[in-house]
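Computed from the coordinates by the stated procedures, all read-outs in this text should not be read as laboratory data. Nothing here was measured: the structure is a model prediction, and the numbers come from that model. As a convention, Cβ positions derive from the backbone with ideal geometry for all residues, glycine included, and neighbour counts pool all protein chains shown.
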Amino acid sequence: MDAYDRQAGLLKTLAHPVRLQILDILRDGEQCVCHLEAALGLRQAYVSQQLMVLRKAGLVADRKDGLRVYYRVLDPSVYGVLEVARSLVSRQAQKQGHAVSFALPVSTGLRPCHCPKCTQQASPVFAR
């Protein structure tokens, strides 16, 4: 596999909205799967599928603590790639007279995350 194939593979991994949202949440540090699930308003199985793709690509790592699984970004330089993409998308949208927002979706009726990290805080950190 040559360098261009590897680069294309990385970009394919990043080319998914939920994976980008997961990486955005992980900017704040390690998070448990239940936290990601609550923040995204998605089923645990789907979130875990996307985490597996990110893990196989070497972008995130996990650790288990009892029944909980926590994820973290392995190499924060991935955020440089994401910032370049955001900048390009924003400029293209602006040229077309559109506004673009990279805010995480806010779903109503989410069940709260009850992980130790969230229960130690007054309010969950996933409100961005």
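At-a-glance table
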read-out: Contour minus Cα-Cα distance for Arg63 and Arg91 (0.36 nm per residue); value: 6.3 nm
read-out: Calculated FRET efficiency for the pair Ala45/Leu104, C-beta based, R₀ 22 Å, to 0.05; value: 0.65
read-out: Ranking of Val60, Val89, Val69 by count of other Cβ atoms within 10 Å, fewest first; value: Val89, Val69, Val60
read-out: Sequence of His98, His35, His114 once ranked by neighbouring C-beta atoms within 10 Å, starting from the fewest; value: His98, His114, His35
